[in-house]
1. Could you order peptides 5-12, 20-27, 81-88, 45-52 by the average number of other Cβ atoms within 10 Å of their residues, highest first?
2. For the residue pair Leu88 and Val59, what label-to-label distance in nm results when each label sits 7 Å from Cα along the Cα-to-beta-carbon direction?
3. Could you give the nm distance between label points at His49 and Arg8, where each point is 7 Å from its Cα heading toward the beta carbon?
4. Would you kindly state how much longer the chain becomes between Glu38 and Ala20 on full extension, computed as 0.36 nm times their sequence separation minus their alpha carbon distance, in nm to one decimal?
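Derivation of every value follows stated rules applied to the coordinates shown; laboratory data play no part. Values in this document were obtained by computation on a predicted structure and should not be read as measured data. Here the Cβ is made from the backbone with ideal geometry for all residues, glycine too, and neighbour counts use every protein chain on show.
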Amino acid sequence: MIDTDGARLGAEAARRLAEADCCEIAPGLTDEEFSRIEATYGFEFSPEHRAFLAAGLPVASLPEEGASWQQPWPDWRHADVDDLRHRL
């Protein structure tokens, strides 16, 4: 069963993030990528999070003067499995 409210909220969050122009956004995750990630890490994305990441994948923050936080977004496509597991 598809949670249409969750999907709508996730897509809206992705749209707002893109409008904020605060980070680089790559093409969204595919169904195959979602399946691989969920199998690898043993969880399922919520409908909101799935819709958010399908609409666009935040991959890096744009540098701000004085910023110290490195990689605030998980790199679901290219991260080292152990590093991502640690972040989770």
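1. 45-52, 5-12, 20-27, 81-88
2. 2.1
3. 2.3
4. Going from the current span to full extension adds 3.6 nm.
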